[in-house]
Amino acid sequence: MSGVAPFLRDGFVVLPGLLDAGECSELLGQLPGVAGPGARTMLGQGWCAELAARLLGSNALNAIMPAGHVAVQCTFFEKSDSVNWLVPVHQDLSIPVRDRCVVDGAGAWSRKEDGWYVQPPVAVLEQLVAVRVHLDSCGAEDGPLFVVPGSHRLGVIPSAAVVAMRGGERACLAAAGDVLVMRPLLLHRSSKSSGVSRRRVLHFLFGPASLPGGLEWRVREGTCHETHHRFN
Ligand SMILES: O=C(O)CCC(=O)C(=O)O
């Protein structure tokens, strides 16, 4: 069954079994030891850029992803007995860009260890697609993502209103190899895990190849992948 209709309506869909057990363990073998909850610059590594291309080429994701979208970031998130964390309900509003510049409708510039982030015009945010590759199974006790279905259609929600909108949230449980596709504008939060499991996720961001005004994605040479070869 195509995931396009639920994705458009709810702002998220879980695509089961996009990766098999062998592929998950191969990827786990590539992951660096990360101190802390995550690492934002995975796309600079060849295996990660290659995975982005393979994801784009999968039948299930290809049906959802707008034509011409490219991978622009990949963050590795881990929850385990030694690193356990939660994130309050929010929308993902910032994108990684090469340089600071003046662009209508863009603001909230911030500088992180890997460079500049900006909140682009809402028309850009509405086009973005996040793809979360689950490398471990994620049950109710493993710190899953909770999402508010349909909230991606409300644009940028004032932060004072966000907490009151948690009603109707759904937990996104997954098996290893499943992929959660979501709009970054979807309200989401993340709970702590029970602390006895590992929950490792590669969180890709895909967007249009070019941005408005003088904005440019901060991706390294060779990490924008438009190749559409299929692997399922
Ligand atoms: O991986 C998680 O549990 C939380 C991730 C998150 O909140 C985000 O990417 O904005």
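Within the set LEU19, LEU61, LEU8, LEU28, the sole residue that is free of Cβ contacts under 8 Å to residues at least 12 places away in the same chain, surrounded by 12 or more Cβ atoms within 10 Å (Cβ to Cβ) and not polar (S, T, N, Q) turns out to be LEU8. Would region 79-88 turn up any residue that is in contact with a Phe, Trp or Tyr (Cβ under 8 Å, 6 or more places away or on another chain) and closer than 26 Å to ARG189 by Cβ? There is at least one residue in region 79-88 that is in contact with a Phe, Trp or Tyr (Cβ under 8 Å, 6 or more places away or on another chain) and closer than 26 Å to ARG189 by Cβ.
Of all residues in region 118-147, those that are on the phi > 0 side of the Ramachandran plot have Cβ atoms under 7 Å from Cβ atoms of residues that are of a type in the set (Lys, Arg) and not in a strand (DSSP E or B), 6 or more apart or on another chain, in GLY143/LYS192.
For region 70-128, the set of residues classified as surrounded by fewer than 17 Cβ atoms within 10 Å (Cβ to Cβ), of a type in the set (Lys, Arg) and within 16 Å of the ligand (Cβ to nearest atom) consists of LYS112 only.
Since every read-out is calculated from the coordinates, none of them should be taken as a lab result. Quantities reported herein were computed from a predicted structural model and do not represent experimental measurements. Neighbour counts run over all protein chains shown; Cβ positions are idealised from the backbone, glycine included.
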